Each structure stands twice: as C-alpha cells, then as structure tokens.
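Chemist: Sharing a structure with you now.
Just so it is clear, none of the values below were taken in a lab; they were calculated from the coordinates. Note that the structure is a prediction, hence the values are computed from the model and not measured. Glycine gets a Cβ as well: all are built from the backbone with ideal geometry, and neighbour counts include every protein chain shown.
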Amino acid sequence: MGWLRRIDRARGGVWVDVGLYAFSAMFAAWTAAASTLAPHRAWGAVAVWGYGVAMVAAVVSRQAWYRAAVAGAAWIATCLLPLCLLAVARAGGRLDRAQEEVLVIEDGGRRLLETGTPYLSRAEISHLADPLLGYHPYQPGMAIFGVPRGLDSSAAAWSDARVWFALATVAALAGALLTLLGAGAAPAGLVRALQAVTVLPVAALTLATGGDDLPVLTLCLLGFALAATKRPGWAGIAIGAAAAMKLFAWPVALVLGAYLVTTGRRDALRYLAGAVTTGSVTALPALWLGAGALVENVIAFPFGQGLVSSPAASPLPGRLIATTLPAGDVVAKVLVGLAVVVILAWLIRRPPRSAASAAWFSGWALLAAMMLLPSSRFGYLLYPLALLLWVPALASVPSGDFPGRSSPGVTRSSAGFARDPGSALDPDARR
C-alpha cells in the first residue's frame with residue numbers, strides 16, 4: 001500500500017492525473033474505432049478529445065482546486081456532452097444511440113404510469129416479439145427515471161432517461177463531496193474520489209450510453225459520507241434510495257449498518273429506519289399489484305431462470321466457470337454461496353469500525369461477488385472500484401470534529417485523521 005500512496009502523491013498527484021487522462025484517451029480512441037456497440041463508438045469519438053485536452057491541462061498545476069476543476073471540465077467534455085449529443089440524435093430518429101437498458105427503464109416508467117407497476121408477468125412477457133425487452137430487472141424505484149419518457153409523446157431529448165440519471169448523479173455526488181469537504185476531509189483525496197465516478201472511462205461511458213448504475217453508486221457514496229460525518233438517519237435514507245433502484249445496494253446497506261451498530265444502538269436504529277423505509281416504499285405497490293411479476297423480473301431473470309438469458313455475459317471468472325466446466329453453472333453458484341458465507345462470517349467477526357473501513361469492506365466484497373457471478377458485466381466493476389477509491393477521502397475526515405460518541409477502535413493519528421486499527425480490512429491498519 002505504501003508504494004501506491006507514494007505514486008499517487010508524486011508531484012501532488014499530477015502524474016497520476018496525466019496518466020489517467022492519457023489512458024482514458026487511448027481507451028476512448030480504441031472504443032471509437034473497434035467497439036461493436038454503436039452508442040459506445042459514438043461516445044469514444046467525442047470523449048477522446050476531452051481526455052486529450054484534460055491530459056495537457058493536468059500538467060499546469062498541482063493545486064487541489066485546479067485538479068478538481070480539470071476533472072469537472074473533463075467530465076463535461078467526456079460524459080455530459082456525449083450524453084446530450086446521443087440523446088438529441090436519438091430524439092431525431094437515430095435508434096442506435098442508447099443501450100437497451102435505457103429502453104427497458106423507459107418502458108418500465110410508461111407501465112408505471114399506466115398500471116402502477118413497471119413489471120410484466122411471465123405470461124405477458126412470453127407474448128412479446130422480443131421477450132428480453134419485456135424484463136425490467138431492477139427494483140421498482142428505477143422506473144421513476146423512465147416516467148418523463150412516458151409523459152412525453154414527442155420523445156424529445158429532455159425526456160431521455162439518461163438525462164435524469166445524470167441529474168440524480170450530479171445531485172448525489174455533489175452532496176457527498178460537499179459533506180466531506182465541510183467535515184474537513186483532505187482535498188487531495190476528494191479529487192481522486194471525484195475522478196473515480198466521473199472521468200474514469202467505466203464511469204463516463206456508462207453514464208453517457210446507459211447510465212442506470214451511476215445514481216445507485218453515487219447515492220451509496222453519499223450514504224458513506226453521511227455516515228462518516230455522524231448522520232446515520234440521512235445515511236440510511238441515501239442508501240435506501242439506492243436500494244430502491246438496484247439490488248446491488250443492499251449488500252452495501254448491510255455493511256454500513258454493521259459499522260453503525262458499533263457506534264451505538266441509537267445510530268443503528270436511525271440508520272435502519274431510514275434504509276428500510278426508503279428502500280421498501282417503492283416496492284409496496286408492485287408487490288400489491290403483482291408479487292409474481294416482481295419476482296420474475298427482479299429475481300428469476302437475473303439468476304438465469306427467466307424465459308430468456310440475461311445479456312450480462314462478460315468473460316469474468318464466474319461466467320467462464322459456468323460455461324466451460326462440467327456442471328459449471330452449479331459450480332459457479334456454489335462458489336458465490338461460499339463467498340457470501342465467508343463475507344458474512346468476516347463481517348460478524350470483525351465489523352468495520354469506521355465509514356472508511358465499511359467502504360473498504362464493501363468494495364472487496366462486491367468485487368468478489370461480481371467476479372464469481374455466472375452473469376455479470378465489466379461495467380459492474382465500477383462499484384467496487386469507486387468504493388475503494390473513496391476510502392482515502394472517507395478516512396481523512398477528522399474524528400474529533402463532530403459531537404457525540406466516537407466509534408470504538410478509532411484513534412487519532414499525528415496527522416489528525418481518523419484511523420481504525422480494529423479492522424483488518426482498513427487500509428490504514430495494514431501499514
């Protein structure tokens with residue numbers, strides 16, 4: 001870990017910034033030339049120029065405010081601008097300017113307006129010309145981003161679900177960064193945290209062409225920021241909102257809850273009330289109107305029990321095991337189950353004792369699960385990557401700046417930052 005810190009801090013982080021933008025420019029150029037997906041090629045053709053300019057601009061100054069400004073400008077040029085161009089082109093009739101999940105979520109929003117639930121039953125899906133597009137494999141809250149399309153008969157660019165994904169992402173990310181900044185977090189760590197969910201190609205490309213993962217991720221990060229600054233009730237609401245959109249957020253909610261249990265029963269109850277209430281409120285109408293349809297879409301389809309197979313088939317270890325070994329699908333599922341048991345046992349035995357440790361634990365746990373799932377995508381790796389890159393920013397929040405009881409096991413270093421030697425998963429504890 002020490003050598004990584006030294007590289008990251010070289011010349012105030014400038015060299016890592018330059019390398020990040022240079023790599024991203026090469027990735028965008030390759031995507032524009034070689035991707036098999038039309039929206040990805042269109043993204044790469046625009047983003048390559050933004051990354052190139054950011055690479056040059058990053059050399060000028062090592063000041064944190066300047067590096068943050070470069071990251072923000074790069075995000076506009078490599079994500080928000082391509083997103084707007086793709087949305088406008090799609091509104092003009094280009095049907096190859098959005099990934100399928102955008103269409104699925106917009107259809108879910110339309111059904112939510114018409115019937116009160118975004119889900120079709122198995123029988124209804126079976127009668128569709130393309131059953132794959134009939135599945136809505138998200139929690140009911142995700143369909144809210146499709147409602148503007150359902151309200152707009154002209155299918156204008158403003159009603160594209162990605163526009164609303166971007167607005168929610170900006171709001172949640174700004175809330176998380178301002179919360180940590182106001183709490184005294186280290187500016188350099190906040191710059192890297194900002195880059196993790198904006199200019200990294202896996203983030204910029206995802207939001208511009210599909211986008212549904214970014215609101216979920218940034219709400220989780222907001223939850224960690226609020227927990228780090230002793231706001232457990234609001235942390236629960238943020239995590240609950242993420243869980244109302246995707247199942248990926250529930251494991252994160254569990255880990256953050258385990259941390260808050262170590263800070264006291266009152267904090268844990270406030271968090272639990274916020275998370276459970278917010279996370280379940282959108283599911284109640286769907287359960288009432290058709291519990292079977294919800295299970296078919298949210299559980300059966302992602303786990304390979306739907307009428308058609310999930311298109312999430314990146315060649316990660318779990319996928320390779322499921323498709324190449326005898327009884328590979330069973331083996332992969334057993335490995336996932338074992339991983340869950342090990343993670344839960346570790347969580348019970350050594351619960352995280354700081355928000356930074358909770359993010360560290362969540363990142364590695366999600367990485368293990370996503371590597372072993374029989375159906376997964378490279379894009380899902382954004383979740384563990386972003387969580388791990390947010391650890392330094394969360395760990396740099398001064399522990400003494402907030403009223404109330406400190407977390408057990410948290411001590412104050414000579415630099416004045418909170419450290420958690422009680423957790424084997426805390427990076428600061430390994431030095």
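Chemist: Between residue 45 and residue 327, what is the spin-label point distance in nm, taking each point 7 Å from the Cα along the Cα→C-beta axis?
Modeler: 5.1 nm
Chemist: Follow-up question, since we're still on this one. What is the ratio of the Cα radius of gyration of the chain to 2.2 N^0.38 Å, where N is its residue count, to two decimals? List each step's numbers first, then the result.
Modeler: On the way: Rg = 21.5 Å, N = 431, 2.2 N^0.38 = 22.1 Å.
Normalised by 2.2 N^0.38 Å, the Cα Rg of the chain equals 0.97.
Chemist: Something else: For residue 15 and residue 37, compute 0.36 nm times the residue count separating them, minus their Cα-Cα distance, and round to one decimal in nm.
Modeler: Details: separation 22, 0.36 × 22 = 7.92 nm, distance 3.20 nm.
Gain on stretching residue 15 to residue 37: 4.7 nm.
Chemist: Next up: What residues have an amide H closer than 5 Å to that of residue 183, excluding those fewer than 5 places away on the same chain, when H is modeled at 1.01 Å from N in the peptide plane?
Modeler: Here nothing satisfies the definition.
Chemist: List the relative contact order of the chain as a percent without decimals, with contacts defined as Cα pairs under 8 Å and 6+ residues apart.
Modeler: Working: 758 pairs, mean separation 65.6, N = 431.
In percent, rounded to a whole number, it is 15.
Chemist: What list of ³J(HN,Hα) values in whole Hz, one per residue of the range 122-129 in order, does the Karplus curve 6.51 cos²θ - 1.76 cosθ + 1.60 (θ = phi - 60°) give from phi, with Gly and Pro shown as x?
Modeler: Rounded to whole hertz, the list is 4, 5, 5, 5, 5, 8, 7, 5.
Chemist: For residue 247 paired with residue 295, estimate the spin-label separation in nm (one decimal), with each label point 7 Å from Cα along the Cα-to-Cβ line.
Modeler: Distance between label points: 1.3 nm.
Chemist: Separate question: How high is the relative contact order of the range 263-362, in percent, with contacts defined as C-alpha pairs under 8 Å that are six or more residues apart?
Modeler: Working: 27 pairs, mean separation 11.3, N = 100.
The normalised contact order for the range 263-362 reaches 11 percent.
Chemist: Okay, moving on. Work out the charge dipole of the chain with +1 on the Cβ of Lys and Arg and -1 on the Cβ of Asp and Glu about the Cα centre, then indicate which of 371, 190, 158 is farthest towards its positive end.
Modeler: Most positive-ward Cα: 190.
Chemist: So, in nm, how far is label residue 284 from label residue 69 when the simple model puts each one 7 Å beyond its Cα toward the Cβ?
Modeler: Label at residue 284, label at residue 69, 4.9 nm between them.
Chemist: ³J(HN,Hα) across the range 288-301 via Karplus (A = 6.51, B = -1.76, C = 1.60, θ = phi - 60°), whole Hz, x for Gly/Pro?
Modeler: Rounded to whole hertz, the list is 5, 7, x, 4, x, 5, 4, 5, 4, 7, 8, 10, 5, 5.
Chemist: Further question on the same structure: Can you compute 3J(HN,Hα) from phi for each residue in the range 100-107, using the Karplus curve 6.51 cos²θ - 1.76 cosθ + 1.60 with θ = phi - 60°, rounded to whole Hz and x for Gly and Pro?
Modeler: 4, 5, 5, 5, 5, 5, 5, 5
Chemist: Also, quick follow-up: Rounded to the nearest 0.05, what FRET efficiency do residue 127 and residue 76 give with R0 = 41 Å and r taken as the Cβ-Cβ distance? Could you check?
Modeler: Efficiency at R0 = 41 Å is approximately 0.40.
Chemist: Right, something else. What ranking of 167, 103, 388 emerges when the number of other C-beta atoms within 10 Å of each C-beta is taken as an exposure proxy, fewest first? Provide the component values of the computation, followed by the final result.
Modeler: Numbers: 167 12, 103 15, 388 18.
Least crowded to most crowded, the residues run 167, 103, 388.
Chemist: Additional query: Between residue 349 and residue 153, what is 0.36 nm times their sequence separation minus the Cα-Cα distance? Round to one decimal in nm.
Modeler: On the way: separation 196, 0.36 × 196 = 70.56 nm, distance 5.45 nm.
The span from residue 349 to residue 153 would gain 65.1 nm if fully extended.
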